[in-house]
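Reading through the structure tokens given below for one structure.
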Amino acid sequence: QIYQVPPMCQRLAMGAKELDNKYEELIVHCPHGAKTFSVHLSITLDEATQGLEHPEREQKLTSLQALAELGFGTCGHHAVMGTRLDRQDDETRQPALRALAHMAERGQTRAAVELSSRLEDWSHDLRRAAVEALMQVTEPGNERAVDLLMPRLTDVSTEVRLAALEALPRAARQGDGRCITGAGALLEDDVQYVRRAALKALSQLAEKGNSLVFAEVQSRLGHSDPEVRATALKALPHILEQGDERGVTAVIDRLEDPVFNVRRTALEMLGLVARHGDQSAIVALCGRLGSDMDEIRITAAQALTQLVEHGDKATVLTLSQRLQDDSVDVKLAVIHALTHAVSNQSEGHGVATAALCERCEDPDRHVRRAALEALPKVAPPADKHAMETAEKCLQDEDAEVFRLAHVAVDQLGGSQTVLQEAVRNLGGAASRDDF
């Protein structure tokens, strides 16, 4: 290729002489002894357009590829390829569609216009390409483009609906009620990917806090399909500012949903829609720490890490009590939450320290590790109970527990003599060779 012009579309000439074989080495035409020579390049579509009617399939495809690579909007070959789209039994229809779509993606306006005129085509591939092409040439606030896209939101093809949802925010003006209603309806779509795309479109169609968008999402929180309710919950952090009371109230209302997945989603979203320190949200989460389902208790503890403030004595007490849980995973999540609720300089550290010290003797080594790692963050320096517990853990057979106990004693201001003695007593214990 020369200057990205396919060989099929090239006409080369040196002076008045046209080169018959454009594939030959040009150097053979260089005058003897000359260091440079000039070649005139003309672009022609004759061979490529004639090739579209060639009886051999490969020749047709080569011609289509050449026209797609050329991609000059002034050459008028978009219409030539567009005619292939109207031939339902033509084997070049799909290649022509791909070629025009490729050209539209490269910013060729004429190719995009050629495609966008086929939004009602029988082929779902062409309708999708038409929607995507329309997205390339439209601007925000284009009512005509919105008029063309709206029917595609209810297209029988999943791919077309997805493309329409992606294109709609590019064409609509911010806060357009018709577009918000159209996208909101697809929160109930049977296909999960479409519901997710509707969620994203709603977040782009208006500024956060828009009452129309919230109304569309809120109306789906009580839908009969639990997947729709879960999708609506996931939309709230995207359409509302953090701390918006409408979102907090809506999520708390769904914490009692009869479906487990919706309840868990509500717990996850509460940590995102509520503001740090929001007591109504924190109380609601603490109430779920007593659930009979491990995953609910874990998710509630994880959400608390995002909301609780240091020194929240009521939350510290609740979390400390939950360290008696039978589930290892729940205890690990609660220990992590506890480090967000209390520090060695805040109220409640005494209760938290006692609870962590008890867990330093837990039967599960992962819990002992987590408790020891948290202990210096929660207990004040030189705290007697914490110090004694950490020193006792220097006798633990688990290498990681021993290491964390060593760190805890050091951070709590413990005796260096005790630490040195513990290291000497290691001996050749294989489980602690890496210390």
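The values are calculated or read from the model by the stated rules, or taken from the named source; none is laboratory data. Just so it is clear, the structure is predicted and the values come from calculations on it, not from any experiment. Each accessible area value is taken on the protein alone, full model and side chains, heavy atoms only, with ligands, DNA and RNA left out. Shrake-Rupley method; radii C 1.70, N 1.55, O 1.52, S 1.80 Å.
Grab the eigenvalues of the alpha-carbon gyration tensor for segment 229-268, scale each by 5, take roots, and send me the semi-axes largest first in whole angstrom.
Values: eigenvalues 59, 21, 9 Å².
Equivalent ellipsoid of segment 229-268: 17, 10, 7 Å, largest first.
Within the full protein context, the accessible area of E397 is estimated at about 120 Å² for a probe radius of 1.4 Å.
Ligands, DNA and RNA aside, C286 has an accessible area near 20 Å² when probed at 1.4 Å.
Probe of 1.4 angstrom, ligands and nucleic acids ignored: what's the accessible area per residue over segment 138-281, in square angstrom? Numbers along the way, then the final one.
Numbers: 6340 Å² over 144 residues.
Here the residues of segment 138-281 average 44 Å² of exposed surface.
Among the listed pairs K234/K331; K208/K331; K60/K200; K331/K392; K208/K377, a Cα-Cα separation exceeding 31 Å is found for K208/K331; K60/K200; K208/K377. For segment 173-187, putting each phi into the Karplus relation 6.51 cos²θ - 1.76 cosθ + 1.60 with θ = phi - 60° gives couplings of 7, 4, x, 5, x, 5, 5, 4, 5, x, 5, x, 4, 7, 5 Hz, in residue order, rounded to whole numbers and with x for Gly and Pro. Once all protein chains are placed together, D383 keeps about 40 Å² accessible to a 1.4 angstrom probe.
In segment 358-413, inverting the average of 1/r over every pair of distinct C-alpha atoms gives 10.6 Å as the Kirkwood radius. Straight-line cross-link reach from K35 at under 28 Å between alpha-carbon atoms covers these lysines, not counting any fewer than eight positions away in the same chain: K17, K22.
Just reorder E18, E120 by solvent-accessible area, largest first, 1.4 Å probe, all chains present. Numbers along the way, then the final one.
Values: E18 100, E120 140 Å².
Descending accessible area places them as E120, E18.
Rg and Dmax over the alpha-carbon atoms of segment 256-346 stand at 12.1, 41 Å. Given in Å, the Rg to one decimal and the Dmax to the nearest whole number for the Cα atoms of segment 147-257 are 13.3, 42. If you wrap segment 287-410 in the convex hull of its Cα atoms and look at it from every side, the mean projected area works out to 6.6 nm².
Which order do E358, E347 take when ranked by solvent-accessible area (1.4 Å probe, heavy atoms of all protein chains), largest first?
Details: E358 90, E347 115 Å².
Listed by decreasing accessible area, they come as E347, E358.
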